Each structure stands twice: as C-alpha cells, then as structure tokens.
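Written below as structure tokens is the structure these notes are about.
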Amino acid sequence: MNTIPEILLKQKEFFKSQKTKEVPYRLSLLKTLKQEILSNEQAIYDALKKDFKKPEFETYISEFGLVISELNLVIKHLKKWAAPKRIKSSMLTFPSRDYIYKQPYGNILIIAPWNYPFLLAMEPLIMAIAAGNTVVLKPSELTKHTSQLITDIVQKTFPETIAKSIQGGVETATALLAQKWDYIFFTGSVSVGKIVARAAANYLTPVTLELGGKSPCIIDDTVNLKLVARRISWGKFLNAGQTCISADYIIVKSNIKDAFIEALKTEIIKRYGDNPKESPDLPRIINKRNVSRIADMLEGSQIIYGGHIDIEDCYISPTLIDSPDLDSKIMSDEIFGPVLPILTYDTEQDIENIIWHYDKPLALYVFSNDKTFIEQTIKKYSFGGGVINDLLIHFGNHRLPFGGIGASGMGAYHGKTGFDTFSHHKAISKRGNWSDPGVRYAPYKGKLGLLKKMFKYFS
Ligand code: NAD
C-alpha cells in the first residue's frame, strides 16, 4: 500500500497533467459516483444503523437524500459554474474584456466527523471533485461501518490519483496534516479545528473550518406553543441531538416557560413513547466515551424530564434541564446529545447576558410572531445561520451558504457556494491592442489633471 506522501505525490503529478480541468471528465466521475452511491443505498442505511442505530428514515432525510440532491445539482449546473464568467470592464482598464476563471486549488484534504458521517464526507468530496481538484478524504474513525463503505465507494469510483479515502484516527489525521495541501476542508470540533488551522498555517494553506458551538433557541410569548414544541421535538432529537446546528439550549419568555415545558414533554412522548429506549426512531450516542461526557455534564443539573442513561447501550433519553447556571457544566460546552437546558428571560438585556456569555454560535433560532423582535434578534447577534420559527431547515436549501463565524468556523459551502469554495477565483483582464491611451506613461508632466478626471468619472 502507498504511504500518505506517495499518494499525495501521485495526486500532485496527476493534477499537473491538466486532466481534472476537463469538465466532461469531472462530469463522468460525478455520474459514476452517483451510480455507485445509488447502488449502495441499502448498504448505507445498514452501515449507519450498525454505527449508532440511526433510523433509515433519518439517514435518508439527513444524509443519503441530501448527497443525491447535491450530485444532481452539480451534474446539472457544472458546465455553467465552471465556465469563465465575463464581468463588466472598468473604464480605467480600457480597452479590456474582464473575466473570472474558476480554477481548482489543486490537492485537497478533507477531514470529516462522525455525526453525519456519510453526508459530511461526501458533500465536500463532491464539490472538490466538481471544481477540478484531487482529494484525500479522511472519514471518522468512530463510524467504522460507514467509513469502510465510503472508502469502498471512493475506491470503486475514482482512480487513486484523483480521490482516495484513508481511514484512521488522530495519528492518521496528524500525518495527513503534516503534508503540504492546496486547501484543507475540516468539519469537527472547535479544539481540533485549532489544530488544523495551526497545521495549515505552516504552508499558508487556506482552510474551511466547519465547527460547532452552543446554538441558542429563543422563544417569545407570541407563539403557538404546540407548534413550537412539535418542531423542537423534531429538530432537537433528530440524530439524538448529535447535530452541529442543533438547538443547544432554550431561552424562553418566563411567563410561558411552564406551558412550554408541558407542551414539549407531550410532543417527546408522541415521538418516542413513554420509554424512548424501545423506540426504533431514537439513534444512540456514538460511543460510551461520549455517553460519559454527557453524563458528566448532567451532574448538578436539575433534570425535569428524562435523564435515563444506559452506558452499555450508548443510550440517553430525551432530557430537559431547568434553569442551569451559565457557568454550570451543562452550559460550559456544546452538549451534542439529546439534552436540552431551558433558560428564561424577561428583558432584552437578559437575552444579551446569556448569548454574549458564549462564543459566536453556528446557529441561532427564534420562535416568534413579532416581526420587530425577530429582525432585531437576527441582526443583533453574530451566528453562522439560522431559522425563524423552526430548527435546522436552513441546512436543506442549497442556495443558502452554510458555515460558521468566529469560534463556530470560517468559510461556507453547499450547492454553488461549495463549488466556489473549492475554486480559486482567478481575475483576468484581456487587454485590447487596438487602442493604447497615453495618459499612464511617463513623462507625467501635465497629465495629472486628466488622470484625476478619469478616476472621478470612470471609477
Ligand atoms: P472531532 O473534532 O473530534 O473529529 C473530527 C475529525 O478530526 C475526525 O476525522 C477525527 O479523526 C479528526 N481528529 C480528531 N482529533 C484530531 C487531532 N488531534 N488532529 C487532527 N485530526 C483530528 O469532531 P467529531 O467528534 O467527529 O464531531 C463533532 C464535532 O463536530 C462537534 O463539535 C460538532 O459541532 C462539529 N460539527 C460541525 C459541523 C459543521 O458543519 N459545522 C458538522 C458536524 C459536526
């Protein structure tokens, strides 16, 4: 088997051959990938079920379906996206025709997490290939069935010189990061994001960091509580809360807190029954270490619903926490599980005190029918993206860029934004030779007035 440096060297050589710049070639690779994924549909459901009991329905809606949609989109639009784009010329460069050429960066490293193991490995891979790059992908070591399947699919679809999936944990990731890449796309935790950024800095490699954080969900007293509870019971417990844009905690207007909690309990029971452990629709926590991590965060919390834990089964029931302290364990880090702390507010100041206590989150949600409150809230706080009156759904629109800000990440992808992320936007002015105004040439004497006029009128 080739070593990491050998694989990268081959990819570097292949990139120089210019073959990946051919759009028909990229399209043929993407179409083969689509066929390979379609023929593995059941195997993908089975792998995710084995990894953390993810229900087939959730794998379809949040992984398989999204990957196929992204492939369909890029196959349909690639020619247009990849074509040089003529843009308006400036009179200051007259005579010229100006263009943006979308050029591949070259050799890309993608490091993926475990929580949506198929989606978050495949989506960047698709757009990196579409943009004409070569890729080394490292899927997560924690979802071994899915990661093996991804590796098989990549191996069957692509020559190693274009894309290769390399499995492994920290050691492998460290060895990969020691190489010189042209772009690194990382999805994962804030702490590992810093390691990736440091490694990238050694070679001034550009990075996209898709990280996490504590995403708040604000509920005012103008809402239909039954509908709010229904939507939160979906968005919070999907994937057992192991979603980077999950609502990490609630900030509800204090006068409706009790009614909200009752409505949410009712909806949780509707979704998962009185004993959620028996439900086929609640995935498990990825491993025992993460169950212990969340159990530890629960220490000292006031559990008002759920709180059932079975470490051997990697099970945590949907759990509600009442009014935790901002510096308590449960509020000190991203929860990443089916646990929902409920805080309250009375004034705008209370909301500020809570949200500005933490780093800029990846998502923010507002449930309200008060347009002024909604507009103020989404403008006042810094966050990656969000939804008014629901959770998560902004992820599903490929026309919306997806990414964080500050500690929740940098850069964005999804749909055309993803293609653009993996492309260098090369600025080209094609100068006409039929005229050559003399104003810029020395001697400058007597020309400054004309130059100033040109800047005034044409810039
Ligand atoms: P993680 O950071 O532990 O691991 C992510 C990847 O990094 C894995 O492939 C892992 O092998 C690798 N890795 C781990 N330690 C490393 C090290 N020391 N050096 C180099 N690479 C290393 O994250 P995770 O537990 O897989 O995923 C959960 C986190 O990811 C959460 O914080 C979540 O919010 C975040 N996340 C963000 C998004 C997003 O799109 N913004 C999506 C999913 C998950």
Test: residue in segment 294-314 that is surrounded by 14 or more Cβ atoms within 10 Å (Cβ to Cβ), under 26 Å from the mean Cα position of the chain (by Cα) and hydroxyl-bearing (Ser, Thr, Tyr): no
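Which residue out of ASN115, ASN107 is under 29 Å from ALA173 (Cβ atoms) and over 20 Å from the mean Cα position of the chain (by Cα)?
Numbers: ASN115 fails: over 20 Å from the mean Cα position of the chain (by Cα).
When all the criteria are applied, what remains is ASN107.
Check ILE126, ILE100 and return the single one that is within 16 Å of the ligand (Cβ to nearest atom) and either modelled with pLDDT of 95 or more or closer than 25 Å to ASP46 by Cβ (or both). Steps first, please.
On the way: ILE100 fails: within 16 Å of the ligand (Cβ to nearest atom).
Every option except ILE126 fails the conditions.
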Where a residue in segment 320-333 is over 24 Å from ALA229 (Cβ atoms) and its partner, wherever it lies, is at pLDDT 95 or above and not in a loop (DSSP other than H, G, I, E, B), with Cβ under 6 Å and at least six apart: LYS329/MET297
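For GLY386, are the conditions met, namely being over 30 Å from VAL23 (Cβ atoms) and part of a loop (DSSP other than H, G, I, E, B)? I'd like the intermediate steps shown before the answer.
Numbers: over 30 Å from VAL23 (Cβ atoms): yes; part of a loop (DSSP other than H, G, I, E, B): no.
For GLY386, the condition - over 30 Å from VAL23 (Cβ atoms) and part of a loop (DSSP other than H, G, I, E, B) - is not met.
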Residue match in segment 289-308 (condition: out of contact with any Asp or Glu (no Cβ under 7 Å at 6 or more places or on another chain), within 18 Å of PRO55 (Cα to Cα) and at pLDDT 95 or above): no
Any hit, segment 142-159, residues being hydroxyl-bearing (Ser, Thr, Tyr), closer than 25 Å to THR243 by Cα, touching a residue at least 24 places away in the same chain (Cβ under 8 Å) and in a strand (DSSP E or B): no
So VAL170, is it touching a residue at least 40 places away in the same chain (Cβ under 8 Å), closer than 30 Å to LYS49 by Cα and of a type in the set (Val, Ile, Thr): no
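Here's the yes/no breakdown for (1) outside the structural domain of LEU343 (by TED's automatic domain parsing); (2) surrounded by fewer than 19 Cβ atoms within 10 Å (Cβ to Cβ); (3) away from the ligand (no atom under 14 Å from the Cβ); (4) more than 22 Å from SER140 (Cβ to Cβ):
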residue: GLY188; (1), (2), (3), (4): yes, no, no, no
residue: ILE195; (1), (2), (3), (4): yes, yes, no, no
residue: LEU204; (1), (2), (3), (4): yes, yes, yes, yes
residue: ASP220; (1), (2), (3), (4): no, no, yes, yes
Residue among THR174, THR208 that alone is near the ligand (Cβ under 7 Å from one of its atoms) and closer than 25 Å to TYR116 by Cα: THR174
Considering residues of segment 52-80 that are more than 19 Å from the chain's Cα centre (by Cα) and buried (at least 21 other Cβ atoms within 10 Å of the Cβ) only, the residue nearest to VAL291 (Cα to Cα): PHE52
Neighbours by Cβ (under 6 Å, 6+ apart or cross-chain): first from segment 229-249, within 17 Å of GLU210 (Cα to Cα); second at pLDDT below 95 and buried (at least 24 other Cβ atoms within 10 Å of the Cβ): CYS244/GLY212
Cβ pairs under 7 Å, 6+ apart, first in segment 180-196 and charged (D, E, K, R), second more than 7 Å from the ligand (Cβ to nearest atom): LYS180/TYR203; ASP182/TYR105; ASP182/GLY106; ASP182/ASN107; ASP182/ILE108; ASP182/THR205
Every residue from segment 5-21 that is over 13 Å from TRP181 (Cα atoms) and either among the aromatic types (Phe, Trp, Tyr) or not in a helix (DSSP H, G or I) (or both): PHE14, SER17, GLN18
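With the requirement that a residue be within 16 Å of the ligand (Cβ to nearest atom) and more than 28 Å from ARG289 (Cβ to Cβ), what does segment 130-169 give you? Spell out how you get there, then give the answer.
Residues of segment 130-169 within 16 Å of the ligand (Cβ to nearest atom): 135-151, 154, 164-169.
If the condition is that a residue be within 16 Å of the ligand (Cβ to nearest atom) and more than 28 Å from ARG289 (Cβ to Cβ), then VAL135, LYS164 are the ones that fit.
LYS270: under 23 Å from ILE342 (Cα atoms) and touching a strand residue (DSSP E or B) at 6+ places or on another chain (Cβ under 8 Å), yes or no? Reasoning before the result, please.
Working: under 23 Å from ILE342 (Cα atoms): yes; touching a strand residue (DSSP E or B) at 6+ places or on another chain (Cβ under 8 Å): no.
Considered against the rule, which asks whether it is under 23 Å from ILE342 (Cα atoms) and touching a strand residue (DSSP E or B) at 6+ places or on another chain (Cβ under 8 Å), LYS270 comes out as no.
The values are calculated or read from the model by the stated rules, or taken from the named source; none is laboratory data. None of these values were measured; they are calculated from a predicted model. Virtual Cβ from ideal backbone geometry, glycine too; neighbours counted across all protein chains shown.
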